[in-house]
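The values are calculated or read from the model by the stated rules, or taken from the named source; none is laboratory data. Everything numeric in this text was worked out from a predicted model, so none of it was measured. Every residue, glycine among them, receives a Cβ derived from its backbone with ideal geometry; neighbour counts consider all protein chains shown. Only protein heavy atoms, including side chains, enter the accessible area calculation; ligands, DNA and RNA are left aside. Shrake-Rupley method; radii C 1.70, N 1.55, O 1.52, S 1.80 Å.
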Amino acid sequence: MFRFFENLVDPYVPYQETDTPPRRLLPFLMDYARPFHRVFAVTAVLTTAVAAMEVGLIWYVGRIVDLLNAGTPVEVMRTHGTEFLIAALAVLLVRPIISGADVALLHNAILPNFGTLIRWRSHRHVLRQPVGWFENDFAGRIANRIMQTPPAAGDAVFQTFDAVAFAVTTLVGAVALLLNSDPRLVIPLLVWIVLYLALLRWTVRRAGPASTAASDARSQVTGRVVDSYSNIHSVKMFAHHDREMAYAGEAIETARKTFQHEMRIVTRMDITLTLLNGMLIVSVTGLALKFWYDGEATVGLVAAATALVLRLNNMTYWIMWATTNLVQALGVVVEGMETIAQPIALVDRPGAKPLDFKAGEIEIDGLSHHYGRGFGGLDRVDLTIRPGEKIGLVGRSGSGKSTLVKLLLRFYDAEAGHIRIDGQDIAEVTQDSLRSRVGMVQQDSSLLHRSVRDNILYGQPDATEAEMVRAAKRAEAHDFILDLSDPEGRKAYDAQVGERGVKLSGGQRQRIALARVILKDAPILVLDEATSALDSEVEAAILDTLYGVMEGKTVIAIAHRLSTIARMDRIVVLDNGKVAEVGTHAQLLKRKGLYARFWDRQSGGFIGTDETEAAE
């Protein structure tokens, strides 16, 4: 039975992706709810039926009281025994079936699948955002919103059916019951409904913004805490435990105050509701008793009216809490939409085609990019890299080296100018086809929190075990990998490397990253301080390997340790975002320009710190 309801909706059903998801709440939820339309419709019918049965039971209690007063027990049972039996069977069989189906649809068909569908599609959407988008936010806050929004949306749907639909049906049924019994009893009920709706409106208008503020404050706490944990080495190294506690404490205190404000609203609502319900109970029951005393009502009417208002009294607390929870859940969804409903900031152009790679010639024409600041980055750079040519890229910090690489990979769209590969503007080809042709090793090679095998195979997931091991050996990584183990007892290539590869040394992480790129075997190779984390002995072996890997590839190598690029075909010196010098190592030394000064000022092969300017 459970499997039937659980499989009514497939949360992974194919759908049409959009670069610009709805930014308003209702269209946002309706977009995700499309696969659930039929299930929602059936659930609404069943919820209405369940509420109607509850009101019907109250009415029937009053009828039973009146029937019991209509004669002796023998006469009552002889006349109405069959009716009592049918009512009992309805309560024992029909009611559980309808209620059970309603509960199963809510708990087994809707809640698990609706949240899963939102989380799956939201994660898919966020992963499509460009690198720059992630650089402008906390990873912890992004993840927190991906995790918070789906259950909040599911809770909103649940409360809509379980509380709102149920409440509306119950109130309508209550009015109908009292109208049928004595229309005068409806007057205090209608007055109470008006006051109750006013209180509900007051609560919703305040609880929504308060919930959004509280949710945002919790996300801020998560972001700051995760930031501290992700940089725990820096925290410990600088002995800034107290500073980090103060940094987190500020956000924690803000979260406490926003939550206090939210709870004040709840307390006021609860006290007011208790007064309203007391008025309802006294007025309806009192009127019913008066009508009975005047001989205008039966005992059954008094019993039914009393049972009804007591039922409403209990239900209103639940409805108020459910409605408040609904508003709070919608507040969390609205806060989550600030992240997961953002348009994709960098998309493939309409009609973009896969890169038709031929030889690997890279043409850079009038390239400028200042990150929207008007300074820094690159300024009208012109450069042609011939097919198979090895280019060394050097310059002070802030000269534009990393910017050039990010633009080549189209992590950003250039503000001016073009980059062409084999005559094709990279802005006109698909991003995936471009990046599949580029292998890159960065200075800070963070690894996935997975096994060594998973990290190396990331370069080419369908590679064989032998190909993976061969790549590890070429990267001088195989021997130390065989000695690895983790706390769960996994060894060698199955050992987990920890978050960002924290369980490994910098040199080990770098060699695994090198193995990954070697396995990818892309025709364009970008090395951004690829050997900076290696000791001299390992670096020498790796450089020989890298020069072997470079054969037949177009290569761009960024280096501060100039000895690592001295054998390149050409060296390009960037300064203040412009190409200052171009030539071979020997030619640039003879020129006695900027490169020669770098070379002279090096100590251990690094550009002197006195030449360092603002970071890129």
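Side notes on the structure shown:
- Residue 525 long-range amide H proximity, modeled H, under 5 Å: 439, 554, 555, 556
- Per-residue SASA remark: residue 267, around 80 Å² accessible (1.4 Å probe; ligands, DNA and RNA not included).
- Shown is the FRET efficiency for residue 93 and residue 253, computed with R0 = 51 Å from the Cβ-Cβ distance and rounded to the nearest 0.05: 0.35.
- Degrees separating the helix 139-159 axis from the principal Cα axis of the chain, which is the longest one: 20 degrees
- Accessible area of residue 428 (1.4 Å probe, protein heavy atoms only, ligands and nucleic acids ignored): about 90 Å².
- Unit charges on C-beta of K, R, D, E only; dipole of the stretch 90-169, Debye: 220 debye
- Ranking 146, 572, 355 by Cα position along the charge dipole of the chain, where only Lys, Arg, Asp and Glu carry charges on their C-beta atoms, puts 146 farthest toward the positive end.
- Carbon and sulfur %, accessible surface of the chain computed with the full protein complex present, 1.4 Å: 58 percent
- Whether the stretch 330-373 is rounded, prolate or oblate, judged on the alpha carbon gyration tensor where a/c under 1.5 counts as rounded: oblate
- Rounded accessible area per residue of the chain, 1.4 Å, Å²: 49 Å²
- The stretch 393-458: C-alpha gyration tensor shape, a/c 1.5 cut-off, then a/b vs b/c: oblate
- The distance from the alpha carbon centre of the stretch 542-560 to that of the stretch 6-40 is 47 Å, rounded to a whole number.
- The mean sequence separation of alpha-carbon pairs under 8 Å and at least six residues apart, normalised by the residue count of the stretch 264-357, gives a relative contact order of 24 percent.
- Look at the dipole of the chain built from charges on Cβ: of 440, 239, 193, the Cα furthest out on the positive end belongs to 193.
- Helix 166-181 and the longest principal axis of the C-alpha atoms of the chain enclose an angle of approximately 10°.
- Computed on protein heavy atoms with a 1.4 Å probe, the accessible areas place 547, 247 in the order 247, 547, largest first.
- Near the amide H of residue 368, within less than 5 Å, lie the amide hydrogens of 380, 381, 415, 416, 417, all on another chain or at least 5 residues away, with H placed in the peptide plane.
- Cα gyration tensor shape of the chain, rounded if a/c is under 1.5, else prolate or oblate by comparing a/b with b/c: prolate
- For the chain: relative contact order, % (alpha-carbon pairs under 8 angstrom, 6 or more apart): 14 percent
- Gain upon complete extension [residue 267, residue 131; 0.36 nm per residue less C-alpha separation]: 44.5 nm
- Subtracting the Cα-Cα distance of residue 467 and residue 584 from their residue separation scaled by 0.36 nm leaves 38.6 nm.
- Axis of helix 186-230 versus longest Cα principal axis of the chain: the two differ by about 20°, to the nearest ten degrees.
- Cut-off under 5 Å, modelled amide H: who pairs with residue 443 long-range: 528
- Placing unit charges on each Cβ (+1 for Lys and Arg, -1 for Asp and Glu) gives the stretch 364-414 a dipole about its Cα centre, and among 381, 411, 364 the Cα reaching farthest toward its positive end belongs to 411.
- The distance linking the stretch 170-206 with the stretch 76-127 is 26 Å (Cα centroid to Cα centroid, whole angstrom).
- Based on Cα contacts under 8 Å between residues 6+ apart, the stretch 116-238 shows a relative contact order of 41 percent.
- Neighbourhood charge, 15 Å Cβ-Cβ cut-off, centred on residue 157 and excluding it, Lys, Arg +1 and Asp, Glu -1: -1
- Remark: accessible surface ordering of 315, 245, 237 (largest first) is 237, 245, 315, probe radius 1.4 Å.
- Percent antiparallel among DSSP beta bridges (both partners in the chain, rounded to 5): 50 percent
- Among 161, 138, the order of accessible area from largest down is 138, 161, computed with a 1.4 Å probe on protein heavy atoms.
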